[in-house]
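Data block below; observations after.
The values are calculated or read from the model by the stated rules, or taken from the named source; none is laboratory data. On a predicted model such as this, the values are computed, not experimentally measured, just so you know. In this analysis, Cβ positions are derived from the backbone assuming ideal geometry, glycine residues included, and neighbour counts consider all displayed protein chains. All accessible areas refer to the heavy atoms of the entire protein, side chains included, with ligands and DNA or RNA removed. Shrake-Rupley method; radii C 1.70, N 1.55, O 1.52, S 1.80 Å.
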Amino acid sequence: MSKQRVLGHDEERYRRYRAQLAPGTPLREGLERIRAGHTGALVVLGTNKVVEQISTGGFIVDTDFTATALRELAKMDGGIVVSTDLGTIISAGVHFTPSGELPTIETGTRHRTADRIALQSNIPVVTVSASMSTIALFMSGLRYPIESSEQIFVRAEQALAALSRYRDRLDAVTRELSGLEINRLVTVGDLVKAVQPLAMVRRLDEELQGYVEALGVDGRLLQLQLFELTSGIDQLATLLEIDYRPDDRSDFNLDVLRHLPTGDLLDLQTVATAIGLPGDLDHHLESRGYRLVSQTAQMGTAMAGTLLDHFGSLQAMFGASRDDLASVPGVDKAQALAIRDGLARLSEQIGR
């Protein structure tokens, strides 16, 4: 057996092979043709010394990988071995004899063999079931069903609807946070109420990116919708970190919430503690103002920092005239007017 064998789920490796099995790829096209023809198949996605040792019979093909060739070769008894980059069909009609001592919960001969090949060689194996008309990926002791685009779209639409709701909530609470920042009334609880939907949006974004990868060419529209709903999310997280990072916490960040259990993410105190803030939700916080200035005046954090340093506080900036703003090094009259108009619009929105 290979000493490099790693058991259990490996997300990065799984997503890489799932992308290679996505609709529109040559491998997926060949597997779909096999499934449509109601024949089965066992395809080993790579080779090494272990694969060679447990292979008997068959013949060398050594030809460029095409969906048509895969379909035709699958009509014969035995399995198929392709190169790791999926560019070449190496052999076909191969009979595999993996160790019968390897544990497997599979019952069908093809699936049991595929599971043991993947375990023994640490090479992924994909199967097509003739009776069930399903495609499955075997890797590191686990079986991953390869779903149809229609099945994936059902879950993606549900996740997309949830993402849209959380994005609307995030926009609402950040507007409320802006008003509190201007009036210096922010508490730990107020910040956490903004951080919660932000974390959920990032979590759903990650889930939906997985669906986009699994859909391949069928996921282009979903990718566009996802881009629209998550635009500016990472920038918002960075700006909130800058605004509320404790002076003694250089490692303060919101990424820790990515791995927080969903139940804990719904608890305000747990979230506050997780990101390194006081557990007292009424504890007063002072924003440094980077988010408001950067997003309202459409500028980078460096220029925002220059303005905030010059005026001394966010509140002083809101009271600054155009001439006051133009007196800041690096700000011309046109920029000063744009900044003044942006701050005025924000004040008006908050007032309403």
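Has region 105-121 got any residue that is of a type in the set (A, V, I, L, M), more than 24 Å from E12 (Cβ to Cβ) and open to solvent by 30 Å² or more (accessible area, probe 1.4 Å)? It would help to see each step written out before you state the result.
Within region 105-121, the first condition is being of a type in the set (A, V, I, L, M), and the residues that meet it are 105, 114, 117-119.
This time we only want the ones that are more than 24 Å from E12 (Cβ to Cβ), so: 105.
Of the ones still in play, those that are also open to solvent by 30 Å² or more (accessible area, probe 1.4 Å) are 105.
For region 105-121, residues of a type in the set (A, V, I, L, M), more than 24 Å from E12 (Cβ to Cβ) and open to solvent by 30 Å² or more (accessible area, probe 1.4 Å): present.
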- [ ] Select from region 48-80 the residues that are of a type outside the set (A, V, I, L, M, F, W, C) and surrounded by 18 or more Cβ atoms within 10 Å (Cβ to Cβ) and write down the one among them that is farthest from the chain's Cα centre (by Cα).
- [x] G58
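For a quick check of your reading: which strands (runs of 3 or more DSSP E) sit entirely within region 57-139 and have at least 3 residues that are of a type outside the set (V, I, T) and in contact (Cβ under 8 Å) with a residue 12 or more places away in the chain?
Output list reads 59-64, 88-96, 135-139.
Got a number for residues in region 219-256 being of a type in the set (F, W, Y) and either assigned to a loop (DSSP other than H, G, I, E, B) or in contact with a His (Cβ under 6 Å, 6 or more places away or on another chain) (or both)?
Applying the first criterion (of a type in the set (F, W, Y)) to region 219-256 yields 227, 244, 252.
Then keep just the ones that are either assigned to a loop (DSSP other than H, G, I, E, B) or in contact with a His (Cβ under 6 Å, 6 or more places away or on another chain) (or both); that gives 252.
So the answer is 1.
Tell me, which residue of region 301-345 that is surrounded by fewer than 13 Cβ atoms within 10 Å (Cβ to Cβ) and of a type in the set (A, V, I, L, M) is farthest from the chain's Cα centre (by Cα)?
So in region 301-345, the residues surrounded by fewer than 13 Cβ atoms within 10 Å (Cβ to Cβ) come out as 302, 309, 312, 319, 321, 323, 327, 329-330, 332-334, 344-345.
Remaining after also requiring of a type in the set (A, V, I, L, M): 302, 334, 344.
Details: A302: 29, A334: 40, A344: 37 Å.
Looking at residues that are surrounded by fewer than 13 Cβ atoms within 10 Å (Cβ to Cβ) and of a type in the set (A, V, I, L, M), I get A334.
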TODO: Out of the residues in region 286-311 that are out of contact with any helix residue (DSSP H, G or I) (no Cβ under 6 Å at 6 or more places or on another chain) and not in a helix (DSSP H, G or I), state the one that is modelled with the highest pLDDT.
DONE: E286
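Let me confirm something: among Q196, Q151, Q209, which residue is among the polar types (S, T, N, Q), crowded, with 17+ Cβ neighbours inside 10 Å, farther than 30 Å from N48 by Cβ and within 23 Å of the chain's Cα centre (by Cα)?
Q196
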Task: D62, sole failed condition from (1) out of contact with any Gly (no Cβ under 6 Å at 6 or more places or on another chain); (2) under 30 Å from I152 (Cα atoms) - done: (2)
